[in-house]
Amino acid sequence: MNPNVPQEVIDAFNSYTPGLPYHEAGTTTVAVIGDGLINNTYKVTCELKTNFLLQKINTQVFKNPAQVQHNCTYLSTYAEMEFTGIRIPYIREFAKEQSLYKDKNGDFWRAFEFVEDGYSISIAQNPQQAKATAICFAKFSAAFDDMNVDQLFETIPNFHNLNYRYQQFEDALQSNVAERKAKAHVITEDLISRNKYKKMYDEIANYADFPQRVVHHDAKISNVLFSKKTGKVICPVDLDTTMPGYFFSDPGDLIRSMACSADENSIDFKNLHIRKEYYQAITDGYYAVMEKSFTTAEKKHFHCSGLLIIYMQALRFITDYLNGDIYYKTKYAEHNFDRAMNQLCLLKSLENFLEKEYRFSC
């Protein structure tokens, strides 16, 4: 037994089967899976019952685990009852209609179906995979078009609120760490000069033409399961950040994570750029699904998606650098500075790309 997983948790999720008496599951083995940065995730292999995926919720990030589990349960039930065609791995219970388990240490656990045919990818290997991923997230949002988004909790308040992130940035600029402020000046001045993106967000947040939708908020290829048999997409996973949001969040995340020539940790700033074929695959795939759902205003501003998200991430990295690296894990002293420079370079590349290829700017 993995020492990080209490036996009481394994026993709880193993002993209950809806409609049947409690019974033992036989021998179980536990293995760590994935490289997620938030929750701890395990595969539990059972001798006499179905294998399942087990997670311990990170309460430093998700302050209210009950709200996280409510959202997951509500989305899963809606997807099934409304015949959306969207697959969501079923939620395993430990008692009738109870799926969030609190152990004796006060930690919160939940379990899901383990999709045996599924596997995940960290990096899109070609534009076709990027397009399939974009279509998957678009179908996910479109499936909940008729759902009242007020039924979902905001699991991480202000997560993609650019106004809030800009205020955090301005507060950090009042920091007393003079050395860091001086070094960051080259980045902060560029970001301040681009505060048009904050104004664009304010417009989005204050007009009915931009409705709130069910948005995953962590749209990247590693949060999609592909089939080992067919290579096709099975379903999106990790719905903890799924909550009401605006049209730009998921396509923006997809562009930031897949259209870039290198990830956010690269310091090869001069060669960092937007890959045309990936950008087109992502935006074509996502837009084709959401076109019928989007309002006229959302269609008009669709290509703002990557600009808003990349700008927001640059703000978040340089804010953390100014604050002394209190949020993101860093591997060296200037890590957050380099990440912010990376995102600023990517933002400039996207600005130039959109102007050249689409005659578009926000």
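The values are calculated or read from the model by the stated rules, or taken from the named source; none is laboratory data. It should be emphasised that the depicted structure is a prediction, and the values quoted were computed from it without experimental measurement. Please note: Cβ atoms are built from the backbone with ideal geometry, for glycine as well, and neighbour counts cover all protein chains shown.
Some points to look at:
Condition check ((1) in contact (Cβ under 8 Å) with a residue 24 or more places away in the chain; (2) surrounded by fewer than 18 Cβ atoms within 10 Å (Cβ to Cβ); (3) among the aliphatic types (A, V, I, L, M); (4) under 30 Å from Gly285 (Cα atoms)) across all residues:
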site	(1), (2), (3), (4)
Val61	yes, yes, yes, no
Asp117	yes, yes, no, yes
Ile135	yes, no, yes, yes
Ser141	yes, no, no, yes
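- Residue identified as without any contact (Cβ under 8 Å) to a residue 40 or more places away in the chain, in the same structural domain as Lys131 (by TED's automatic domain parsing) and within 18 Å of Ile187 (Cα to Cα) among Asp325, Asp338: Asp325
- Among residues of segment 322-345 being part of a helix (DSSP H, G or I) and in contact with an Asp or Glu (Cβ under 8 Å, 6 or more places away or on another chain), the one that is farthest from Ser249 (Cα to Cα) is His335.
- The residues listed here are Tyr287, Tyr332; of these, the one that is of a type in the set (Phe, Trp, Tyr) and either touching a helix residue (DSSP H, G or I) at 6+ places or on another chain (Cβ under 8 Å) or over 17 Å from Lys183 (Cβ atoms) (or both) is Tyr287.
- Tally, over segment 236-246, of residues that are farther than 17 Å from Ala130 by Cβ and either surrounded by fewer than 20 Cβ atoms within 10 Å (Cβ to Cβ) or not hydroxyl-bearing (Ser, Thr, Tyr) (or both): 7
- Among the candidates Ala184, Ala178, the residue that is crowded, with 21+ Cβ neighbours inside 10 Å and over 27 Å from Thr133 (Cα atoms) is uniquely Ala184.
- Sole residue being in contact with a helix residue (DSSP H, G or I) (Cβ under 7 Å, 6 or more places away or on another chain) and at positive phi, chosen from His273, His217: His217
- Criterion (surrounded by fewer than 19 Cβ atoms within 10 Å (Cβ to Cβ) and out of contact with any Gly (no Cβ under 8 Å at 6 or more places or on another chain)) met by exactly one of Ala297, Ala281: Ala297
- Residue within segment 205-214 that is of a type in the set (Lys, Arg), within 18 Å of the chain's Cα centre (by Cα), within 24 Å of Tyr78 (Cα to Cα) and crowded, with 16+ Cβ neighbours inside 10 Å present: yes
- Looking only at segment 187-213, residues that are β-branched (Val, Ile, Thr) and free of Cβ contacts under 8 Å to residues at least 12 places away in the same chain come to 1 in all.
- Segment 63-109 - residue that is of a type in the set (Val, Ile, Thr) and either over 19 Å from the mean Cα position of the chain (by Cα) or part of a helix (DSSP H, G or I) (or both) and, of those, surrounded by the most Cβ atoms within 10 Å (Cβ to Cβ): Val68
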